[in-house]
Amino acid sequence: MTWYVDIGNGSIKWAQLKAKELTPSERYQRTTAGHAEDLDAAWGNLSSPKELVCSCVAGESFEQAMITWCQQVWGITPVFIRTTQQAMGVTNAYVNPEQLGVDRWAAMIAAHQMNPKACCVVDCGTATTVDVVESNGQHMGGLIIPGNQLMADSLLDKTAITATESEGDNSTLFARHTADAIKGGALYATVATIDRVYTDVATALGKPIEAVITGGGAEEILPLLSLKPTYEADLVLQGVRLIHQAMSQETV
């Protein structure tokens, strides 16, 4: 059985391929315990897959720890997909293609395969990324901003603001507690960025465009957006699967 894995800065997410379909994904929130310890906690009690195919933006140290863990515990070596200049009809806009995060690359490829129209691809994780792909598959480029929690944490880290846990009901637009104000400010900053980028891109292209959103923070952001994107919980994993299938066909 093949597993497809998305290793982010904050979590490990995976799904299995059964009957040519991905199972609902599972997620483990990473800790500060260490890479091997996180893998033990996430997978230590699970049966070994036949094959493990991964996208990883957590750095080379995590990749190496994962290779060692998988070889020692499961006796397999994981495969890591990489960002390229072109794949599955999508052309990378980056001057140095490998500098584009592989999770963004996989998400764009999945979105383009689902609907080959001009599309704004939003991924809400530790960072929030927005990429635009034209109908011909040309990546126009993208933006990265801190995710909601990272934005809030940065504010607390770099200022004298203190925020105890909220004791009130933050059901109104403007908060009456500092913790709620920081959370709400980060949330609306993200929402405003996504909506504005979408509007500006549609104006620049002179036509309506599609939008798709994914990532652990998407469900919180989605109801507040003026645009109505398609929600795909496992967009990155779908892209990892597509890239791996294309790689397998090339080696036959």
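The values are calculated or read from the model by the stated rules, or taken from the named source; none is laboratory data. Please read these numbers as outputs of a predicted model, since none were measured by experiment. Quick reminder, even Gly has a Cβ in these numbers, built from the backbone with ideal geometry, and neighbours come from all protein chains shown.
Here are some conditions: (1) in contact with a strand residue (DSSP E or B) (Cβ under 8 Å, 6 or more places away or on another chain); (2) closer than 20 Å to residue 214 by Cα. Residue 83 meets all but one. Which one does it not meet?
Against the list (1) in contact with a strand residue (DSSP E or B) (Cβ under 8 Å, 6 or more places away or on another chain); (2) closer than 20 Å to residue 214 by Cα, residue 83 comes up short only on (1).
Has region 57-66 got any residue that is touching a Ser or Thr at 6+ places or on another chain (Cβ under 6 Å) and either outside the structural domain of residue 220 (by TED's automatic domain parsing) or closer than 21 Å to residue 202 by Cβ (or both)? Talk me through it step by step, then tell me what you get.
Filtering region 57-66 for residues touching a Ser or Thr at 6+ places or on another chain (Cβ under 6 Å) gives none.
Looking through region 57-66, none of the residues is touching a Ser or Thr at 6+ places or on another chain (Cβ under 6 Å) and either outside the structural domain of residue 220 (by TED's automatic domain parsing) or closer than 21 Å to residue 202 by Cβ (or both).
Do you know which residues across region 70-92 are touching a residue at least 40 places away in the same chain (Cβ under 8 Å) and touching a Leu at 6+ places or on another chain (Cβ under 8 Å)?
Result: 78, 79, 88, 92.
Is one or more of the residues making up region 189-200 small (Gly, Ala, Ser), at pLDDT 95 or above and either under 22 Å from residue 112 (Cα atoms) or not assigned by TED's automatic domain parsing to the domain that holds residue 151 (or both)?
no
Which of the residues belonging to region 183-229 are outside any helix (DSSP H, G or I), without any contact (Cβ under 8 Å) to a residue 40 or more places away in the chain, in contact with a helix residue (DSSP H, G or I) (Cβ under 8 Å, 6 or more places away or on another chain) and not hydrophobic (A, V, I, L, M, F, W, C)?
Within region 183-229, 208, 226 meet the criteria.
Looking at region 200-232 only, could you name the residues that are within 21 Å of residue 103 (Cα to Cα), of a type in the set (S, T, N, Q) and surrounded by fewer than 19 Cβ atoms within 10 Å (Cβ to Cβ)? Spell out the reasoning first.
Initially, region 200-232 is screened for residues within 21 Å of residue 103 (Cα to Cα), giving 210-222, 229-232.
Those left that are additionally of a type in the set (S, T, N, Q): 214, 230.
Listed by number, the list holds a single entry, 230.
When the residues of region 136-174 are filtered to those that are small (Gly, Ala, Ser) and modelled with pLDDT under 95, which remaining residue is farthest from residue 224 (Cα to Cα)? Steps first, answer last, please.
Taking region 136-174 first, the residues small (Gly, Ala, Ser) are 137, 141-142, 147, 152, 154, 160, 163, 166, 168, 171.
Remaining after also requiring modelled with pLDDT under 95: 147, 152, 154, 160, 163, 166, 168, 171.
Working: 147: 15, 152: 18, 154: 23, 160: 29, 163: 24, 166: 21, 168: 21, 171: 13 Å.
Per the criteria, the residue is 160.
Residue 150 fails exactly one of the following numbered conditions: (1) part of a helix (DSSP H, G or I); (2) of a type in the set (A, V, I, L, M, F, W, C); (3) in contact with a Gly (Cβ under 8 Å, 6 or more places away or on another chain). What is the number of that condition?
All conditions pass for residue 150, except number (3).
With hydrophobic (A, V, I, L, M, F, W, C), over 17 Å from residue 78 (Cβ atoms) and touching a helix residue (DSSP H, G or I) at 6+ places or on another chain (Cβ under 9 Å) as the only criterion, which of 41, 19, 33 stands out? Give the derivation first.
Numbers: 41 fails: touching a helix residue (DSSP H, G or I) at 6+ places or on another chain (Cβ under 9 Å); 19 fails: touching a helix residue (DSSP H, G or I) at 6+ places or on another chain (Cβ under 9 Å).
Residue meeting the stated conditions: 33.
Looking at residue 197, is it surrounded by 15 or more Cβ atoms within 10 Å (Cβ to Cβ) and under 25 Å from residue 55 (Cβ atoms)? Please lay out each step first, then the result.
Numbers: surrounded by 15 or more Cβ atoms within 10 Å (Cβ to Cβ): yes; under 25 Å from residue 55 (Cβ atoms): yes.
So residue 197 passes the test.
Kindly indicate the residue of region 7-62 that is of a type in the set (Asp, Glu) and free of Cβ contacts under 8 Å to residues at least 40 places away in the same chain and also surrounded by the most Cβ atoms within 10 Å (Cβ to Cβ) among those meeting that condition.
Looking only at region 7-62, we keep the residues that are of a type in the set (Asp, Glu), and these are 21, 26, 37-38, 40, 51, 60.
Applying the additional criterion that residues be free of Cβ contacts under 8 Å to residues at least 40 places away in the same chain yields 21, 26, 37-38, 40, 60.
Details: 21: 9, 26: 14, 37: 15, 38: 23, 40: 14, 60: 8.
Across region 7-62, the extreme among qualifying residues is 38.
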